[in-house]
Every structure is written in structure tokens, then in C-alpha cells.
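What follows draws every value from the coordinates through simple rules; no lab data is involved. Note that the coordinates shown come from a computational prediction; the quantities given were computed from them, not determined experimentally. Heads up, the Cβs are rebuilt from the backbone with ideal geometry, glycines too, and the neighbour counts pull from every protein chain shown.
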Amino acid sequence: MTVSIRQAKLDDSPTVADILSEAARWLEQSGKVMWRDGELTAESVAVDVGAGLFHLAEADREAAGTIKFQLEDKVFWPDIRQEESAFVHRLAVRRKFAGGVISVAMLQWAAERARGLQRRYLRLDCEASRPRLRAFYEGFGFRHHSDRQVGPYFVSRYQYAVG
């Protein structure tokens, strides 16, 4: 399987929203709520797609996953120097491609991009109550930074040294 990652274009907004919605539905089946309904429409993600924040992972030319890559995150990381980090959010993979290959490829891409932008860290957060997801990030090489309450979310924050 060949995996490539590209910046999503505005007309990719429905695809990005569909990948996120599929992941949210899968989580809901196991009793976990990840994102609120209004956050997953094509219209709601179009703003961030238009700003160049979302990227698509394609496996053999089929949209397989998405990731949001940011150069600042003052909501989940207000207590750090923003200019030394890049941040990823909303990493999601279609169930057809579950198994880690796509997720790892997106994280590798994000780490390389952060390094290319001369950032010291790639940072992310996830629900603190998701041990399998946390283990996946730790297995990739992310180190636990701290836990934090952010609005309705209690998150574990992770960082990966890219330098």
C-alpha cells in the first residue's frame, strides 16, 4: 500500500467531514463520544480546510485518513511557548484502513513537517480516559507532558521531540 499525504482543498471538505464522522460513529458504538455533532459537518470543517490546516492521507489514491496540523494551539496548550511547537488534532482513519499504518504515516509526516519548520516538538492531546489511544501515541514515541481540563474535556497532553 502506498500512502501519500497532501493538503486538503476546499472541495475536499465533505471528505474530511466524512472521515471524521465515520471515526466518531465508530467511537460512539463503544460508548465514547469524541466530537460534537456540529463540529463534523462539511461546512464546519471548511473554515479550517480553507485555512490550510487539514491534510488527507491517501492509500493507493483513496482518501484513508485526515489530520489537522497547526502552528499554534492556545486552547489546549496555553501554558507553553507556541513558537517551539507544531500541533496535531483530529487524526482520524476510515475503518477500512484501521490498523495503524495510516495513523503512523500521518504522524511521521507531521513530525517531519514540524522538523522542517524548525519546531522542537510535535504536540497533541487526547481524552485521558482512552488507554489504547494513549498507548498508541506512546508507542510512536510521544511522551506524556501533563493532564488538563479544557472545557468539557479532560485531556492528556503529549509531546514528541522532533529536533
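Details
- Using the Karplus relation 6.51 cos²θ - 1.76 cosθ + 1.60 with θ = phi - 60°, the per-residue 3J(HN,Hα) values for the range 157-162 come to 9, 10, 9, 10, 6, 9 Hz, with x marking Gly and Pro.
- Global geometry of the range 80-163, whether rounded, prolate or oblate, following the gyration tensor of its Cα atoms and the 1.5 cut on a/c: oblate
- Candidate values [x] 26.9, 95; [y] 17.9, 63; [z] 14.8, 40, label of the one derived for Rg and Dmax of the Cα atoms in Å: [z]
- Dividing the summed -39500 (n - 2.57) terms of all DSSP H runs of n ≥ 4 by the residue count of the chain sets its mean residue ellipticity at 222 nm at -10000 deg cm²/dmol.
- Relative contact order of the range 99-163, taken over Cα pairs closer than 8 Å and 6 or more residues apart, is 38 percent.
- The residues neighbouring residue 3, those whose beta-carbon lies less than 10 Å from its own, together hold a net charge of -2 under the Lys/Arg +1, Asp/Glu -1 convention.
- Working note: Karplus 6.51/-1.76/1.60 with θ = phi - 60° gives the range 110-120 the couplings 5, 5, 5, 5, 4, 4, x, 8, 6, 8, 7 Hz, where Gly and Pro are set to x.
- Rounded if a/c under 1.5, otherwise prolate or oblate - the range 38-116, Cα gyration tensor axes: oblate
- For the chain: lysine pairs under 24 Å (alpha-carbon distance), excluding those fewer than 8 apart on one chain: 5
- When only Cα pairs below 8 angstrom with a gap of at least 6 residues are kept, the chain shows a relative contact order of 19 percent.
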